[in-house]
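The values are calculated or read from the model by the stated rules, or taken from the named source; none is laboratory data. None of the values given here were measured: they were computed from a predicted structure. Every residue, glycine among them, receives a Cβ derived from its backbone with ideal geometry; neighbour counts consider all protein chains shown. Surface areas here come from the heavy atoms of the whole protein model, side chains and all, with no ligands, DNA or RNA. Shrake-Rupley method; radii C 1.70, N 1.55, O 1.52, S 1.80 Å.
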Amino acid sequence: MKHFLWSLACWLATSGAYSQNVAIQHAAGRTSLVLDGRWHYIVDPYETGFRGFQGATADETGKLGGFFEDSHQRSPSDLVEYDFDKSPSLDVPGDWNSQNDQLLYYEGSIWYEREFEFHPRQGKRYFLRFNAVNYEAYVSMNDQKLGVHTGGFTPFAFEVTGILHDGMNFIVLKVNNTRKKEAVPTDNFDWWNYGGITGSVMLVETPSVYIRDYRLQLARDDPHRMEGQVWLDGAGAGSKITIRIPEAGLQKQLSADHEGYVAFSMPVSGLQYWSPDHPKRYEVLITTEADTIRDQIGFRTIQAKGSRILLNGIPIFLRGIALHDEDPFIPGRPRSEADCRMLLLWAKELHCNFIRMAHYPHNELESRLADSLGLLLWEEVPVYWTIDWTNGATLKNAEQQLTEMIQRDKNRASVIIWSVGNETPNTAVRERFMEAMADSAHALDSGRLVSAALLTRTNGDSVFVDDPLGRKLDIVSFNEYYGWYGNDRPWQINRYHVSIPYRKPVLISELGAGALAGFHGDSTTRFSEEYQASFYRNQLDFVQRVPNLVGMTPWVLVDFRSPKRLHPEFQDGWNRKGLLSETGQKKSAFYILRDFYIKMEHAEPSGH
Ligand code: GCU
């Protein structure tokens, strides 16, 4: 039986054999072969290509077996029961659900295969990098296993130097997006479980000693001091590194330690600070003897002081909106810079200076776009609703996703808040999990603010935001849907008063009501634009009575797909709380919020 099947246990047993996930900073700034385009695929609901009848192990030649193996028949009498060349293809990047109606609801495994010609250069190293694959990816190249990545929204890369052929190469990966209790997110969430290779794929080339990672930002409490770190890969002690910011007349000579690492701090003056109104970025060059990386970085300080948020030392109100990473016109995960830009420009049209990227890290392009467009960002890991709190592997997974998110966007001026979760019920086991997450976020990045979208506790007309997790957060954020969920109608919510035991900045991370664009009625008619408009008018009064409010991100910029939204007429698989419909139609409430933000903008002290 030529065709051997591979079992998970066998794959894990040989885990030592495959390369580690390498986090390369700003890979897009490097020489690379982009492998986007059409990839063959095989839908494999029964894991036939991975397990098969006997659960066999790798064959005696050490070949991976299963569908990882080159599927070309050697002779017509060979029994091969799959053939990528003759299989259909999908766009990469792109979720599979929006590319084939039969895959709209598909959750399970799909195999991807791509062949490409390449001629590796002497003395260079090569990394196969994925921007995002939802949810679990088993990756191989040329019949060699590279590794496994879990988590649907953050980049990962494997070194393939020495595995690459001088000529034809092939990549095979098994992608599985099955929802699981112990996963992150867990098996119940209010968005579409888009599966597949949803981000770009590239073969990145570096010198043998290269700048693997760097972080540059102003010191949290001192706009006249720049702090940074550089990680070289393959370098020894004393390796020379130069940081240059030509436009600011800044240059710093450094030398790495025996692990190729250096941290530094230097005084700076005359910098133009990055802000939404003035999204100034500087070209930064980091050079070593063998390598150079260029990046566009904005410099700003962000602090929580008492009950205020200070951007570059000046109080700011975050005129925000929440957003899912979905292009409604596809509908599916954004596939291009244009898709991402459209979403962010809609937020600008609303006069926002802030976006909550819900509930998972969004396409890598969006934070760079936000840097250039002047939008502040809240980024979040999908620790959402009822996670498997007592499962150590689940915590490890959540922390890995947090680490990868911060690793990816730590040089983005636009990103000011890391969120460690959304609407997680206040229990002792959850508390331990979430406190660990908040501590990790603070440890990973002391230059930004940490928050989470908390639930409220209501008693009569009193709303309490007293979740103990608030102690660990820099900003106390909460979701409230008074006037939509529960018994109140929009005009009844002003009876509530909110009490928050923390003297910290407060942010309303969600408020919203559903409306089917074009459906009209009076303001008591659910799903009518008038009901949603009435909701916003009353909420915008109500929020002004929330103590220490420094911002809000109403739910949500645009209608998004959710398998949990099943009313055939009003929802039909869409969460309708958008201020824009899935066809880009602005609902009445869009203008109510926009006008509210315009008024705030005019009232705000300049300088942001
Ligand atoms: C929740 C949740 C969102 C959800 C929204 C809604 O609060 O955080 O993910 O979509 O409410 O009910 O529309």
Report summary line: Cα-Cα longer than 30 Å, checked against 280/472; 240/305; 181/577; 305/348; 124/145, kept in input order, equals 280/472; 240/305
Report task. Choose one of 253, 239, 207: the residue whose Cα lies farthest towards the positive end of the charge dipole of segment 170-280 (beta-carbon charges +1 Lys, Arg; -1 Asp, Glu; about the Cα centre). Result -> 207
Query raised in the report: At a probe radius of 1.4 Å, what is the per-residue accessible area of residue 387, in Å² to the nearest 10?
Result: 10
Query raised in the report: Magnitude of the Cβ-charge dipole of the chain, K/R +1 and D/E -1, about the Cα centre, nearest 20 debye?
Result: 1600
Query raised in the report: How many Å² of accessible area per residue for segment 498-608, probe 1.4 Å?
Result: 38
Query raised in the report: How many nm is it between the label spots at residue 567 and residue 443, if each spot is 7 Å from the Cα in line with the beta carbon?
Result: 4.6
Query - Signed unit charges on C-beta, dipole axis of segment 397-446, positive-most listed residue 427, 440, 402 - result: 402
Report task. Enter the accessible area of residue 89 (Å², nearest 10), with the probe set to 1.4 Å and all protein chains included. Result -> 40
Requested in this report: Quick one: dipole size for segment 226-298, taken about the Cα centre, charges +1 on Lys/Arg Cβ and -1 on Asp/Glu Cβ, in debye to the nearest 20.
Outcome: 240
Query raised in the report: For segment 92-169, what is the accessible area per residue in Å² when the probe is 1.4 Å?
Result: 34
Query raised in the report: Do the sum for the chain: with -39,500 (n - 2.57) for every DSSP H run of n ≥ 4, divided by all residues, what is the mean residue ellipticity at 222 nm, to the nearest 500 deg cm²/dmol?
Result: -5000 deg cm²/dmol
Report task. Count neighbours as other Cβ atoms within 10 Å of each site's Cβ, and list the GluC sites (Glu not before Pro) in segment 157-236 that are DSSP loop with at most 16 such neighbours. Result -> 182
Query raised in the report: In whole Hz, what ³J(HN,Hα) sequence does segment 508-525 give by Karplus (6.51, -1.76, 1.60; θ = phi - 60°), x for Gly and Pro?
Result: 8, 7, 7, 7, x, 8, x, 7, 8, 3, x, 8, 10, x, 8, 6, 9, 8
Report summary line: Quick tally, 1.4 Å probe accessible area for 472, 410, sorted with the most first, runs 472, 410
Query raised in the report: What net charge do the residues around residue 501 carry, taking every other residue with its C-beta under 13 Å from that of residue 501, with Lys and Arg at +1 and Asp and Glu at -1?
Result: +2
Report summary line: Under 5 Å from the placed amide H of residue 161, counting only residues 5+ away or on other chains, we find 126
**Report entry** Relative contact order of the chain, pairs being alpha-carbon contacts under 8 Å that are 6 or more residues apart, as %
**Finding:** 11
Report summary line: Nearest-0.05 FRET efficiency for residue 85 and residue 178 at R0 = 25 Å, using Cβ-Cβ distance, is 0.35
Report summary line: Between the modelled labels at residue 247 and residue 492 (7 Å from Cα along Cα→Cβ) the distance in nm is 5.5
Query raised in the report: Going from most exposed to least, what order do 292, 31 have by accessible area with a 1.4 Å probe?
Result: 31, 292
Query raised in the report: Taking 0.36 nm per residue of separation and subtracting the Cα-Cα distance, what length does fully extending residue 264 through residue 28 add?
Result: 82.5 nm
Query raised in the report: Quick one: with all protein chains in place, what share of the accessible area of the chain is carbon or sulfur, to the nearest percent (1.4 Å probe)?
Result: 51
Query raised in the report: Once amide H atoms are built 1.01 Å from N in the peptide plane, which residues 5 or more positions from residue 473, or in another chain, come under 5 Å H to H?
Result: none
Requested in this report: Among 276, 147, 122, pick out the residue whose Cα is farthest towards the positive end of the charge dipole of the chain, where Lys and Arg carry +1 and Asp and Glu carry -1 on C-beta, about the Cα centre.
Outcome: 276
Requested in this report: Keeping all protein chains in position, work out how much accessible area residue 504 exposes to a 1.4 Å probe, and write it in Å² to the nearest 10.
Outcome: 40
Query raised in the report: Ordering 388, 101, 221, 439 from largest to smallest accessible area (1.4 angstrom probe), what's the sequence?
Result: 101, 221, 439, 388
Query raised in the report: What size of dipole, in debye to the nearest 20, comes out for segment 395-554 about its Cα centre when the only charges are +1 on Lys and Arg C-beta atoms and -1 on Asp and Glu C-beta atoms?
Result: 300
**Report entry** Cα→Cβ-extended label distance, 7 Å offset, between residue 221 and residue 122, nm
**Finding:** 5.6
Report task. Would you please give the residues with an amide H less than 5 Å from that of residue 414, counting only those at least 5 places away or on a separate chain, with H modeled from the backbone geometry? Result -> 371
